[in-house]
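Below is one structure; the comments refer to it alone.
The values are calculated or read from the model by the stated rules, or taken from the named source; none is laboratory data. For clarity, every value in this text was computed on a predicted model and none was experimentally measured. Using ideal geometry, Cβ is built from the backbone for each residue, glycine included, and neighbour counts are taken over all protein chains shown.
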């Protein structure tokens, strides 16, 4: 039975399908003795040998799902940062998480909160890819008090450089003397989208915490705390056609 190369790579637990496509385009993937750069190529899992950056890979049988409270000051990437900043690899080592997992989506260096880690490329793709519209909820504190007129404009959305952004849900949690705390839910996967959205309305972000991805909640977890997620909990997420992930 034939299988897409990016899916096979994702099943090995080293990255998501989207990242696998990037590796293929960069010429870092070899099938048997041949480097392949064509996205969408199919292989025979029972006969072909796949190498990523020179290492033979094989699909992982046991799936792992972890939810982690990522603190500020860590890049959401596996490996070292060329500027010497701490990365997710450093955090996993600090927390003695020995499973070979990768992050689902991004969480900015200066942002904190819920991060899902897995070795299942299929689940990672379904949770992170914008076309599946999995909602993500954040608590965000912004500079200055947000007045009613601005709040109404925020709810209607705004056009940014890379497209129109409209929150799925938006509410004011609390107003302070010189700041406002809001809860915002959206499904966009655009880079630093909440920070850019708030800045467009003249309210730069002071603190940003992701509290929920789909039905997976941060709850009362503390910084650097992590827990295993039961597989059945992830599979409660439904797509718009009502089919299980």
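Structure summary
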read-out	value
For residue 167: the one exception among (1) surrounded by 13 or more Cβ atoms within 10 Å (Cβ to Cβ); (2) part of a strand (DSSP E or B)	(2)
Criterion violated by residue 115 - all others in (1) under 12 Å from the mean Cα position of the chain (by Cα); (2) in a loop (DSSP other than H, G, I, E, B) satisfied	(2)
Residue match in the stretch 78-101 (condition: on the phi < 0 side of the Ramachandran plot, in contact with a helix residue (DSSP H, G or I) (Cβ under 6 Å, 6 or more places away or on another chain) and modelled with pLDDT under 95)	yes
Filtered residue count, the stretch 11-32, keeping only those that are out of contact with any strand residue (DSSP E or B) (no Cβ under 9 Å at 6 or more places or on another chain) and either within 20 Å of residue 106 (Cα to Cα) or not in a helix (DSSP H, G or I) (or both)	4
Condition broken by residue 68, with the remaining ones in (1) touching a strand residue (DSSP E or B) at 6+ places or on another chain (Cβ under 7 Å); (2) at pLDDT below 90 satisfied	(2)
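Residue by residue, here is whether (1) farther than 17 Å from residue 2 by Cα; (2) surrounded by 14 or more Cβ atoms within 10 Å (Cβ to Cβ) holds:
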{"position": "30", "(1), (2)": "no, yes"}
{"position": "34", "(1), (2)": "yes, no"}
{"position": "41", "(1), (2)": "no, yes"}
{"position": "45", "(1), (2)": "no, yes"}
{"position": "48", "(1), (2)": "no, yes"}
{"position": "55", "(1), (2)": "yes, no"}
{"position": "59", "(1), (2)": "no, yes"}
{"position": "64", "(1), (2)": "yes, yes"}
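Matching residues to (1) over 22 Å from the mean Cα position of the chain (by Cα); (2) part of a helix (DSSP H, G or I):
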residue	(1), (2)
51	yes, no
79	no, no
106	no, no
109	no, no
123	no, yes
140	no, no
145	yes, no
149	yes, yes
